[in-house]
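The values are calculated or read from the model by the stated rules, or taken from the named source; none is laboratory data. Computed from a predicted model, the values in this text were never measured in an experiment. Note that each Cβ is placed from the backbone with ideal geometry, even for glycine, and that neighbours are counted across all protein chains shown. Side chains are part of the model used for accessible areas, which takes the heavy atoms of the whole protein and leaves out ligands, DNA and RNA. Shrake-Rupley method; radii C 1.70, N 1.55, O 1.52, S 1.80 Å.
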Amino acid sequence: MRRFVFVAALVLASTMLVYTGLNTIGLMPVEASAQSVSIDNLFNLEVIAISFLFSLIVVPLVYSLIVFRRRPGETGDGAYFDGNARLEIVWTVVPLITVLAFAYLGAQSLGETRRVDPQAMQISVTGIQWAWSFNYPDYGIQSNELYLPVNQQVLLNMTSKDVIHSFWVPEFRVKQDLVPGRTTEYRITPTLLGDYKVRCAELCGTSHAYMLAPIHVVSEADFQAWVQKEQAAAAAAASGSPDPTRGQQLYENIGCKACHSLDGSAGVGPSWKGLFGSEVELNDGTKVTADQAYIVESIKNPGAKIVNGFQAGAMPQFSLTDAQINDIVAFIKTVK
Ligand code: CUA
């Protein structure tokens, strides 16, 4: 009996040590959303259970190895045991109750993270190989960076143009897939000002690892300032002349660069080096000149003309304004 009490005390001490150890190595990034609180509470309970189960197995094992080892001169067999019905009932019923309790807590936490605020601002999110695009229908803004006002719930309506992607911001804890042909919902209430990153969490092709976009959680005043700046920039782009610098930003942000190189090297699509004004051979053997009309058509309707040696259907259809397309053509003209 004294041995049982001693081992039980060792198990408890080891549980506390393992739990403290796991807590101090910082398993989780900062908590930056209202939804992360209930998820972290659940995770904390699981870490306690893990620490206890680890100790419950390892401590008696090590104790037995040391205390009950064979002494010099001992040659007989070990004692014979014939099972223990009471012990077996205990180690069946206790885990059953534990698993059911965690199922209940998990469901409760899921309900908590999905709680709907009818005032939530809606943003459309599109994933393509390999970029993110954010559309604010209330403000008429299209952006490649996600600006969110702090302490306000937002509802992201998400879809994909090609394959399955997954919207994951570790600091927000919640993760949701983007599925072609479907709209999935992601609700989040950012609570901590700062810069984060959304990263794609579903293997989606060669540049999956680079499918990142910045997220800025800002004050309400800063958010309104950003909205005004974006609206002014959109108005200027729509009325002004094509600008290669804006075109280059689009090239880098919306995903062109994943497939079209600037140095002549082959990619998923033709390189943009020396493209403008050059003669291009198509897959039906005809030749065309890569002028304004050809490039605009190739962006608006990627399947219209396929360059010899490249795959039809490789390029998704981007939703760009005419002004944005003109900016991109202006940029292509500069890539010599
Ligand atoms: Cu998109 Cu991985």
(message) Let me make sure I get this right: for segment 265-313, a, b and c are the square roots of the gyration tensor eigenvalues over alpha carbons, sorted descending. Under 1.5 in a/c it's rounded, otherwise prolate if a/b > b/c, else oblate. Which is it?
(response) rounded
(request) Kindly give the semi-axes, whole Å and largest first, of the ellipsoid equivalent to segment 35-84, taking each as the square root of 5 times a Cα gyration tensor eigenvalue. (result) 41, 13, 4
(message) Run the numbers for Lys197 and Gln292: contour at 0.36 nm per residue of separation, minus the present Cα-Cα distance, in nm.
(response) 30.6 nm
(request) Could you provide, to the nearest whole Å², the per residue accessible area of the chain with probe 1.4 Å? (result) 60
(request) Express the carbon and sulfur contribution to the solvent-accessible surface of segment 71-213 as a percent, rounded to the nearest whole number, probe 1.4 angstrom. (result) 55
(request) Return the carbon/sulfur percentage of the accessible area of segment 244-334, one whole number, probe 1.4 Å, all protein chains in place. (result) 48
(message) Restricting to DSSP loop positions (anything but H, G, I, E, B) with no more than 15 other Cβ atoms inside 10 Å of their own Cβ, which chymotrypsin sites (Phe, Trp or Tyr not before Pro) remain in segment 54-96?
(response) Phe68, Tyr80, Phe81
(request) Could you tell me the convex hull volume per residue, in Å³, taken over the Cα atoms of the chain? (result) 231
(message) From the P(r) of segment 244-334, could you give the percentage of C-alpha pairs in the tail past 15 Å?
(response) 58
(request) Determine the gain in length on full extension of the stretch Val99-Phe310; use 0.36 nm per residue of separation and subtract their C-alpha separation, reporting nm with one decimal. (result) 70.6 nm
(request) State, as an integer percentage, the relative contact order of the chain based on alpha-carbon contacts under 8 Å between residues 6 or more apart. (result) 14
(message) Just to confirm my numbers, what's the Cα centroid distance between segment 180-248 and segment 65-86 in Å?
(response) 66
